[in-house]
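The values are calculated or read from the model by the stated rules, or taken from the named source; none is laboratory data. Remember, it's a predicted structure, so these values are computed and weren't measured experimentally. Counting neighbours? That spans all protein chains shown, and the Cβs are built from the backbone with ideal geometry, glycine included. Note: accessible area is taken over every heavy atom of the protein model, side chains too, but ligands, DNA and RNA are not part of it. Shrake-Rupley method; radii C 1.70, N 1.55, O 1.52, S 1.80 Å.
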Amino acid sequence: MAHNKRSGSPLFMGEDSDGDSAISSVKRNKIKPDTVPTYSDLPGNSAAGGRVPRYNAINEEGRPNLAIYHPSFAIAEGLVTTVCNDFIDVVKQLKESGYTDPEVESICDKSLKRWREPRHTYPDVGPVAFLGPAGVGKSSALNCILNQEAVAVESDSGTRGTALVHEYKDSKMDQPELYAVDVYYKHTKTVESLVERHCKAIVDLLNMPDEDLADMDAEERVEARQKHDTALNFFTTILCDYDEFASADEARDYFVEQRSEDIADIARHIVSLIAGALEAQGITRNGNVQSFTAQDEAELNVVFQRIAGHSGSTSSGNSNPSLWPLISTVSVHQDKDLLNAGVVLADTPGVTDTNRSVVEATRSYLRRAGTIMVFAQPSRIVQNPDLDANLRECISLGKMEKSFLIVTMIDQKSSLKEAEKQALPVTDKEMLLAAEQKVQKIKQDIVDASQEKNSTKDFQQYRAIDKRLRDLEIEEITAHKKVKQVVIEIRNRNIKRELKDKFRQLSGSKRAPDLKVFCVSHSEYQKHVVGYDIKDPPTLDVTGTGVPAVRRMLYSVPAYGKLNALEKISTTRLPHVFNGICGILSKDRLARKGDVEMVIAKVFESNESVLRGTIDSIKVAFYERILTLFRNNDQKWKEKAVNWLDNWANINGGTFTAFCRRSGHWKVPGNKTKTHWNHEILALFSRQVMSGYNALEDDVEGIQTSTFENVSEIYTRLKSKLEACDAFQGIDEKPFFKYIDEACDIVNANLAKQFKELMVAINQIRFASTLPNEESYTALQMQSTYEECLKVGSTNYAAVNVRNKQGKIRKRNGASAARVETIRRRLTGEGDTISIFAAVAQQALEVLEADLGTYAAKCQNVINSGAGAVQRDFDRRFQMPEAKAEKNEEAVRRLQQAAMEALAVIEGPLKEHLVLAKAYEEEDAYKSA
């Protein structure tokens, strides 16, 4: 079919005369922000014109007192680089002069070059993703956090706001404009998959047999239609410049014509059209990038509109094409201190968006996020299914420790009923009473001052009293606002108390962290951002808006793991390396070196048994805590499941089939809320299994401790064996023993890291076993059963008699009865299948064994690395008396001196600066406490 492209669309033209050229040509002017008074200074403020100027966050707040922001931290990083580079330079200079030491050069290449840039060893903290329903205030929060008005796309009432993931990052190198925007398009393979999926959604509905369509209930037909319409919208949004896709009606006609063709062929043809649309915008295959610039927020929003366009064409077909469904992420670069500190903020589309692709983009992005900020409104927040679902997602992703709840719109209720006041804790009552009494006192002061003003005859005194009255009026306004703020803060504390245990409640893990909650008001903070009339201040002062607290938390994100990593390099890794170099250079003579090597090798043979014992202990604990629990309760759970099935069997055949089509998730006619069969099955056993996993966590923690002790015992035994070895006598063993101790510490530190990863994996198994979501083991194991039910044809089965709960016999459609029986076999394990409960336990065991295999391999590498390091150091440190190796004494002396100088810096200035940086953070923590 020939495709006619309509002319005149901006998508297929060059730059608009008032478009990109205007955006790109403006250069950034450096503006020094004003220093402004804090809100607490309001009564005495004398801002010109009675206005308080814009609030400047960096001037007023600065960075929090974290070790990484103290000057000594950067100095310590620099010293690490210096000691490594200085020694490497000495080795290089000696090599140029003709002297080489292969062992020392090997250490330089494998260790010093690795550790000399500490920032390359820091853990990747990932972006901070904003998660929540549309309209909850995610974009508004981002604007406030960056102390700006409109750098993020906000939704109007009832409209979509953010349709794409927007990442906010630090400015690029030599970026002249205020904003640089990079648009990343989806990879070609992703686009091809997306197109084929949308084609299938349309063609499947068009080709659906009438009997299958009739088998759907009314709401399921509506959802199928919505899925079909979403797919049409995808094509008309991108390709409405072609006649066939100029409108939804014309696109539908196109698919009607093509419905008999292979879906893959239809998709390939449409992909070629999309490739042409991309190429017209300069976007080539395999995820190219498009760049824009903007000088201010207004121009930035023009860029956003150009990128995202609109939601596609209408049936009348008067819209221009937009490529936004093909965009992966939008990165906005700007010079902001928070972003320069290493924070990447990701504003994601709302998870309640009606466009499935938009929601999928958010869910996919969460997997790569390092921190998740979950957003919710205060109304009915304790019993909020949407919030619970989002928090469960954080749990399933293993990100509880780095997930925070942001409660927005806290200023909407700023008063308390009398009954609520009486129920307040004593401290809250006292705070509220003090604020109310201050209002009354100021009112009385105004009355007194007014009377004094009316009675005075002295003009100077009159003027003084008049000024005092004006100040009192402002104080009264501020005091009234303070009463409201106290009420809001009381409500905030209640919310935090009520939600503190949310992660433990949802996960069932006693080790789950407290849910960290921040209560914020975007609208109140924005009043500070733009400035305000001193006679009409915001209800909340800057601190009361909660935004500075969120910003402070975000500053801590880049700090994660940095201090620990730098300490490990400075206090363990580098001393270990330079002590080893000193041993190599000293080359003590040892007559029976081979005998000592045999002793060392013999001791390290027990490494294998330690690791094998650890793995076996974990397997035994899993068997006793989890598998035994499933086995002992299998019959009881099956009986309860059959009772559930009896309830499910009573619904009509169409609805039963709809449940199977929707993987167990639909609703009974007449009910407003959906039911999830998988969740009902999970509810039968999840609480008991959660308790089993809690006990398993305790067991694994004990196994970890035993493993560390066993490893330490091997290294202690090695020193004892060497002390008792005749062949090792007559030498100074202290430097070598120090190296052995350091190697032991490194091994245990690395084993601790592997144990932590294993615990994350075990928790993933726990959550997949017990949490109600689409990726639970129950859902995965039931899916094939639902699919089997859908294969049951209506005409292949005769009606059967069944007995209901009351004992009455009634006829049931034969196909419906067959579907019920299929599910019964899966639940109870009749025939050649095992019960759903045994299947869940089996899958948990299989995943654990795979994880243990990975864990064992990593731990074996750690243990072998420690043993190998000791053996290599021994070989380098000691030599046979008959060895006649040529030595350049001056070169050796120079290397020894360089190594000792490095150790002196490590033990001196480097250690001191780390202590100063830590003290800076600890002092702040003490003050906060």
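Side notes on the structure shown:
- Residues of region 485-540 that are β-branched (Val, Ile, Thr) and either open to solvent by 20 Å² or more (accessible area, probe 1.4 Å) or closer than 30 Å to GLN148 by Cβ (or both): VAL486, VAL487, ILE488, ILE495, VAL517, VAL520, VAL529, VAL530, ILE534, THR539.
- Residues in region 751-771 that are farther than 12 Å from VAL847 by Cβ and of a type in the set (Val, Ile, Thr): 2 in all.
- Restricted to region 547-652, the set of helices (runs of 4 or more DSSP H) holding at least 2 residues that are crowded, with 20+ Cβ neighbours inside 10 Å and under 40 Å from the mean Cα position of the chain (by Cα) comprises 547-555, 562-568, 574-586, 607-622, 628-649.
- Qualifying residue in region 690-702 (condition: open to solvent by less than 60 Å² (accessible area, probe 1.4 Å), within 30 Å of ARG221 (Cβ to Cβ) and either assigned to a helix (DSSP H, G or I) or of a type outside the set (Lys, Arg) (or both)): no
- Of the strands (runs of 3 or more DSSP E) lying entirely inside region 342-426, those containing at least 1 residues that are under 30 Å from VAL483 (Cβ atoms), of a type outside the set (Phe, Trp, Tyr) and open to solvent by less than 40 Å² (accessible area, probe 1.4 Å) span 371-376, 403-407.
- Residue among SER712, SER706, SER663, SER720 that alone is within 29 Å of the chain's Cα centre (by Cα) and of a type outside the set (Phe, Trp, Tyr): SER663
- Residue check for ARG380: modelled with pLDDT under 95, within 13 Å of the chain's Cα centre (by Cα) and basic (Lys, Arg): no
- For the condition surrounded by fewer than 20 Cβ atoms within 10 Å (Cβ to Cβ), more than 42 Å from the chain's Cα centre (by Cα), more than 29 Å from ALA621 (Cβ to Cβ) and modelled with pLDDT of 90 or more, GLN896 qualifies.
- Flag if ASP851 is closer than 27 Å to LYS593 by Cβ and either touching a Leu at 6+ places or on another chain (Cβ under 7 Å) or touching a residue at least 12 places away in the same chain (Cβ under 8 Å) (or both): no
- Of all residues in region 818-843, those being open to solvent by 20 Å² or more (accessible area, probe 1.4 Å) and touching a Cys at 6+ places or on another chain (Cβ under 6 Å) number 0.
- LYS674 passes every criterion in (1) open to solvent by 70 Å² or more (accessible area, probe 1.4 Å); (2) of a type outside the set (Val, Ile, Thr); (3) under 30 Å from SER606 (Cβ atoms) apart from (3).
- For region 59-77, a residue qualifies if it is modelled with pLDDT of 90 or more, in a helix (DSSP H, G or I) and open to solvent by 30 Å² or more (accessible area, probe 1.4 Å), and the qualifying residues are TYR69, PRO71, ALA74, ILE75, GLU77.
Results for (1) touching a residue at least 40 places away in the same chain (Cβ under 8 Å); (2) out of contact with any Cys (no Cβ under 7 Å at 6 or more places or on another chain); (3) charged (D, E, K, R), shown as yes or no for each residue.
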| position | (1), (2), (3) |
| --- | --- |
| TYR560 | yes, yes, no |
| LYS568 | yes, yes, yes |
| GLY583 | yes, yes, no |
| LYS593 | yes, yes, yes |
| GLU605 | no, yes, yes |
| SER609 | no, yes, no |
| ASP616 | no, yes, yes |
| LEU645 | yes, yes, no |
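- Residue match in region 549-568 (condition: in contact with a helix residue (DSSP H, G or I) (Cβ under 7 Å, 6 or more places away or on another chain), among the polar types (S, T, N, Q) and not assigned by the TED database to the domain that holds ALA724): no
- Residues of region 218-231 classified as modelled with pLDDT under 75 and open to solvent by 30 Å² or more (accessible area, probe 1.4 Å), total: 2
- Criterion (out of contact with any Phe, Trp or Tyr (no Cβ under 6 Å at 6 or more places or on another chain), modelled with pLDDT of 90 or more, not in a strand (DSSP E or B) and not acidic (Asp, Glu)) met by exactly one of ALA152, ALA141: ALA141
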